[in-house]
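Each remark here refers to the structure printed beneath this line.
The values are calculated or read from the model by the stated rules, or taken from the named source; none is laboratory data. A quick note: this is a predicted structure, and the numbers were derived from the prediction, not measured. Virtual Cβ from ideal backbone geometry, glycine too; neighbours counted across all protein chains shown. SASA here: full protein model, heavy atoms, side chains in, ligands and nucleic acids out. Shrake-Rupley method; radii C 1.70, N 1.55, O 1.52, S 1.80 Å.
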Amino acid sequence: MQGEKHTTYGEDAQTSIHAFEPSHKNPTGVPDHQSELAAQIAAMSPEEYAEAERKLLRKMDLNIIPWITLLYLMSFLDRVNIGVGKLTGLVKELHLTSLEYSNASMIFFVSYVAFEVPSNLVLKKFRPSRWIPFTMVCWSIFQICMGLVTNYSQLLALRFCLGFFESGLFPGLNFFLTGWYRREEINRRCSIFFAGAVLAGAFGGILGYAFSRMAGVGGKMGWTWVFVWEGLLTFVIAVASFWMVHDWPDRAKFLTPLERELVLYRLKGEQGLAGEGKFSISVVWSALKDWKVYVMALCYAGAAEPLYSGSLFSPTIIASLGRFTTPQSLLLSAPPYVLMFITTVGTAFLSDRFRVRGLFLMFWSFLACIGYIMLMTVSFKVPGVLYFAVFITAGSVGPLIGTTIAWTGNTWGNHYKKAVAMGIVFMSGNAGGIYSSEAYRIKDAPRYLPGHGTALAFCALNFICAGILTIYFRRENKRRDMLYGPPPALHEGHLYDSPEYLAKWGLEGMTREEIVALGDKHPAFRYML
């Protein structure tokens, strides 16, 4: 639930803490250590609580964010290195046609999209520290095998398997973060680890070129060693992830018992019962019936398609702007992604600070549209202006991804409904990878008008959907304020068994389970704009 910082403690905080405890009693006579920890938190002064919270966030950031950033960097690198392979002999050696190369790029996203929702549910059911490393080990093996293919069919099959096992990482990590951080803290964390993809875009071409210099070793062309070495690097990181990836807060080994309780307290203070609940078909159906899921999915698709098309084809696009060699094209593709890193992280901090998502999306998607219009209309006689347009599109598309992801995690309350909703959003959004793979065709060189036009349309789609959601969320928040008054502040608690509480929010006659199932429909829930 939306609220302010902790300002009062004592009796109010003690009431709040007890409101978050499980409703069942302990009949065994064994000391209830959870209650003791909750009492310790309630006894803290405002200064002590603020210091404990500051240290906790720093500890969480240092133990979670750097490693998941590395994981996603490898994931993104492994999916887009086929673009480097194209420039280092893949198409020539396998005798691929333009359509076959596009299909090899596209088939990854078919399996990727199909298995995102199931993977998110598996992640919620099982331990992240086991599921995420397992999927990484599997896809790294397929990545290595891609360096050994001898024909189009083998390449197609391995790209499909690569997408199957990569499908759980990006949506899974974003869903994982919502189980650790409050809503106003999530965008900068999502964007920082998404910046791993940005770094992959910036330096993946350079790294791939370095590996391709092994051409001739073992009688293999350069593209072979790009796939093999990047796959081996992923495998090493995947094995280490069995020890480096953490579980949900209640089982995290790097936290003390008091810190684990504090994480849960912070989340429940904001979300109430949002983190509770059990998986059921009705939860899945609730997500499937929610129109906001599909608008958010279109919003994410509007961000994902231009990102993937730029990542897959930026070296090829830049090569068409002038008489650049392959190494020069790979090197020139790096600076625009450095700008993307800056705009992505900068937007994330501002978005969290002002608790605003939609307006940032509309600003950057509008600017991206301008960049693509420039790429479609500016003459090739001024390649410097066209290269500047690549900077505009790259710098604008990056913030769209992280901000849309954070907004998705902010919008749904019930934990399992959120898992399903985020899976649907990612599934639809990453279908943009299918479109991007087919949009930039060799026969359309050097202008690539269909590709640029497709990216322009998707950026416009992001702008429109962000506007629709912003208007609806603002009106719905005002409606709930008028009917029920402002939402409870963090320190006020949510007394779900109190008749006064139930009467205030119009929940008389509802069980705790039914209140949990409300999620974002709870009258005390406020959408982030």
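Laid out as a table, the results:
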| read-out | value |
| --- | --- |
| Residue list for the range 441-479, restricted to those being on the phi > 0 side of the Ramachandran plot and modelled with pLDDT of 95 or more | none |
| Residue within the range 331-354 that is open to solvent by 10 Å² or more (accessible area, probe 1.4 Å) and in a loop (DSSP other than H, G, I, E, B) present | no |
| Scope the range 374-413; condition open to solvent by less than 10 Å² (accessible area, probe 1.4 Å) and outside any helix (DSSP H, G or I); matching residues | W412, G413 |
| Residues satisfying the stated conditions in the range 425-440, i.e. open to solvent by 10 Å² or more (accessible area, probe 1.4 Å) and either of a type in the set (S, T, N, Q) or modelled with pLDDT of 85 or more (or both) | S428 |
| The range 58-89: number of residues that are open to solvent by less than 30 Å² (accessible area, probe 1.4 Å), among the aliphatic types (A, V, I, L, M) and at pLDDT 85 or above | 6 |
| Count of residues meeting criterion [touching a Phe, Trp or Tyr at 6+ places or on another chain (Cβ under 8 Å) and open to solvent by 40 Å² or more (accessible area, probe 1.4 Å)] in the range 355-373 | 1 |
| Considering residues of the range 481-500 that are closer than 15 Å to F525 by Cα and crowded, with 18+ Cβ neighbours inside 10 Å only, the residue modelled with the highest pLDDT | P487 |
| Options G358, G384; residue that is at negative phi and out of contact with any helix residue (DSSP H, G or I) (no Cβ under 9 Å at 6 or more places or on another chain) | G384 |
| Matching residues, the range 125-158, being open to solvent by less than 30 Å² (accessible area, probe 1.4 Å) and among the aromatic types (F, W, Y) | W139 |
| Conditions (1) over 22 Å from R130 (Cβ atoms); (2) open to solvent by 60 Å² or more (accessible area, probe 1.4 Å); number of the one not met by K253 | (1) |
| Residue among V117, V110, V122 that is open to solvent by 10 Å² or more (accessible area, probe 1.4 Å), closer than 18 Å to D78 by Cβ and outside the structural domain of A394 (by the TED database) | V110 |
| The one condition in (1) more than 30 Å from K268 (Cα to Cα); (2) open to solvent by 60 Å² or more (accessible area, probe 1.4 Å); (3) at pLDDT 90 or above that K220 fails to fulfil | (3) |
